[in-house]
Amino acid sequence: MEQQQTSSKISTRFRKRKPPVYDVIIHNDDYTTMDFVVMILETIFNKNRDEAMQLMLHVHENGEAVVGTYIYDVAQSKADKATSMARAEGFPLQLTVNQKI
């Protein structure tokens, strides 16, 4: 007696949603040195020297700049680390995390 094999395919579609991303924004102040801002941009936000200098000047001239775009946990972690390093050096550097639209 022959056995019949039946196969049924179940097709399920999943839409992969990209997680929301957040901009880390660095704000200008009158006390944090330009050299410190460049160091933060290089060490925490992985900018090369030229990018870091350009961003620092943009912040100085315009009051703020987006220094990176990440998923929330990464964005908040980088902002917290930069703020912590600034406080350890006595600087009032401020960074904010805003959802990118």
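The values are calculated or read from the model by the stated rules, or taken from the named source; none is laboratory data. Everything numeric here is computed off the predicted structure, so don't read it as measured data. Glycine also receives a Cβ, built like all others from the backbone with ideal geometry; neighbour counts cover every protein chain displayed. Protein only, heavy atoms only, side chains kept; ligands, DNA and RNA dropped before computing areas. Shrake-Rupley method; radii C 1.70, N 1.55, O 1.52, S 1.80 Å.
Taken over the alpha carbons of the chain as equal point scatterers, the Debye sum produces base-10 log I(q)/I(0) values at 0.13, 0.21 Å⁻¹ of -0.50, -1.04. Amide H to amide H, with H built 1.01 Å from N, Glu89 comes under 5 Å of no residue 5 or more places away or on another chain.
Counting only alpha carbon atoms, the long axis of helix 49-62 and the longest principal axis of the chain meet at about 70°.
Projecting the Cα atoms of His58, Tyr70, Thr33 onto the charge dipole of the chain, computed from C-beta unit charges around the Cα centre, puts Tyr70 farthest toward the positive end.
What a 1.4 Å probe finds exposed on the chain is 47% carbon and sulfur by accessible area, rounded to a whole percent.
A simple rule links phi to the HN-Hα coupling: the Karplus curve 6.51 cos²θ - 1.76 cosθ + 1.60 with θ = phi - 60°, which for segment 29-39 gives 9, 8, 10, 5, 6, 5, 4, 5, 4, 4, 4 Hz, with x for Gly and Pro. Measuring with a 1.4 angstrom probe and ignoring ligands and nucleic acids, Thr96 comes out at about 40 Å² accessible. Pairs of lysines in the chain whose Cα atoms sit within less than 28 Å of one another amount to 12, provided the residues are eight or more positions apart or on different chains.
Probe of 1.4 angstrom, ligands and nucleic acids ignored: what's the accessible area per residue over the chain, in square angstrom? Walk me through the numbers before you get to the answer.
On the way: 7980 Å² over 101 residues.
The answer is 79 Å² per residue.
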